[in-house]
Each structure stands twice: as C-alpha cells, then as structure tokens.
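Trainee: Quick one: the structure is below, questions incoming.
The values are calculated or read from the model by the stated rules, or taken from the named source; none is laboratory data. Not measured: the values here are computed from a predicted model. FYI the Cβ positions are ideal-geometry reconstructions off the backbone, even for glycines, and counts take in every protein chain you see. To get the accessible areas, we keep the full protein, side chains included, count just its heavy atoms, and leave off ligands, DNA and RNA. Shrake-Rupley method; radii C 1.70, N 1.55, O 1.52, S 1.80 Å.
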Amino acid sequence: GDVLRLKRTYEPVRRHSYDIADRRSQVFRPIGDGTKKGAMFWRDKYLQVAEEYDWSMKRKGARHPLGANALRVLKALLWLPGLNFKTGRIEPAITTIMKMTRFAKATVVAALRRLKEHGFLDWVRRTEKTGRERGEGPQVKQATNAYFFSLKRLTQRAAARLRQLLGGRAAVEARQAKRSTAAALRATAATTPLGELGS
C-alpha cells in the first residue's frame, strides 16, 4: 500500500513524506513576480493555458485530459483565500479544497492527480511532530501537502504558450514605460528655462 509506519513511533504516514522543516519540503515559490499585480496576471494566464491545453489535447472519443473538475481545483488553489503571492505558500487540506469546490474527496484527489500528470501542479507530502513524549502516543502525524507550480513540468507547447502570454504583457508595459518617460522628459523641457537645458 501507500502507507508507511515510521520506525519506533508506529504512526502511519504516506510514503515519501518529509518533515515540514526538512529542506525537501521547502518547495514554495512566488506566484508570478511575487507582487499582487504580477501574481494576479500570472495566475489568469496560467489558468488560461490550462484551459487551452485541455481543449487542444482532447482526442475524438476520449475524455478531456484535465476536465472541468481539475480546472476548478486548479482555480481553487490559485485563488486560495489569503494566498501570499510573495511566498507562494499553498498548503490547504483536502477538506479545504472540497469546501471551495464542493467536490467529494475522491473527485478532488482524482483532479489533483490529473493536474500533476499533465504538469500543471506538483506537491510534496509532509509530516509534522505531534509534540508527544515517547510512550504517550504517535510522535509524528501527516501534515497537509505543499503544493507548487513547476514550469519545467509543463509540456513544451504549454510552457511556450505561457511565455507568449506573459511576454505579451511585458512588451506592452515596456512600451507604456517608454512613453511615460518620454512624456515626463517633454514636460520637464517645457517648464525649464532655455538657458538651463544645456546643449
């Protein structure tokens, strides 16, 4: 099975789980550039890429690779209440995702599995100490998963599309900044006496 009993504690935890303080469980990363504006733009485009992928990769007579349920779970994670864009700390319990999506546990688990399979989501299983003394009960317990987005896991096509969408905004902002700078220089020149402008 997928259950492992830790040596001496006999507390059942999932395989390949790491303590929340273990460096292997430190997988959180900023959402977009970590700013509110940048993160909101990034998550909109990330969800758009997932939706486009789901439609473009569907084969006739087959189910969608992600499906509406997986897309809804992805959106729930990206729009998690109180999400800190700078740290990208995403660690909700399965029950939290169930409440946000109104899905049954099996539906959430299946959706998470599809998102991971197609590279749109990854996670690390974690454990945490209970604080009990030896002989007083289990010393470790299962903690919530640490979820993160690794662009390296996306298909080449999906990653290229995301870069295209994000680059489009960067180009627009660069042009806007250039125009703003030029306008500021013109305004300064218009209000500065000719003798102070220099050559």
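Trainee: Give me the lysines in straight-line cross-link reach of LYS75: C-alpha distance below 16 Å, same-chain residues under 8 apart excluded.
Mentor: Excluding near neighbours in sequence, the set is LYS45, LYS99, LYS116.
Trainee: Amide H neighbours of ALA143 under 5 Å, at least 5 residues apart or on other chains, H built in the peptide plane: list them.
Mentor: Result for ALA143 returns ARG126, THR127, GLU128.
Trainee: How much of the accessible area of the range 31-107, probe 1.4 Å, is carbon plus sulfur, in whole percent? Could the numbers behind the result be given before it?
Mentor: On the way: 2440 of 4420 Å².
Percent of accessible area from carbon and sulfur atoms in the range 31-107: 55.
Trainee: With a Förster radius of 41 Å, plug the Cβ-Cβ distance of SER56 and GLN26 into 1/(1 + (r/R0)^6) and report the FRET value to the nearest 0.05.
Mentor: Numbers: r = 34 Å, r/R0 = 0.83.
Given R0 = 41 Å and the Cβ-Cβ separation, E is 0.75.
Trainee: Let's test the formula: R0 of 22 Å, r as the Cβ-Cβ distance of GLN142 and TRP79. What FRET efficiency results, to the nearest 0.05?
Mentor: After rounding, the FRET efficiency stands at 0.30.
Trainee: Something else: Assuming R0 = 30 Å, what is the FRET efficiency of MET40 and ASP19, from their Cβ-Cβ distance, to the nearest 0.05?
Mentor: 0.35
Trainee: As a test question: what accessible area, to the nearest 10 Å², does LYS37 have when a 1.4 Å probe is rolled over all protein chains in place?
Mentor: Surface open to solvent at LYS37 totals about 140 Å².
Trainee: What residues have an amide H closer than 5 Å to that of ILE90, excluding those fewer than 5 places away on the same chain, when H is modeled at 1.01 Å from N in the peptide plane?
Mentor: Those qualifying (amide H under 5 Å, at least 5 residues apart or on another chain) are TYR147.
Trainee: Still on this structure, please answer the following. Ignoring everything but the protein chains, give the 1.4 Å probe accessible area of GLU51 in square angstrom, nearest 10.
Mentor: 80
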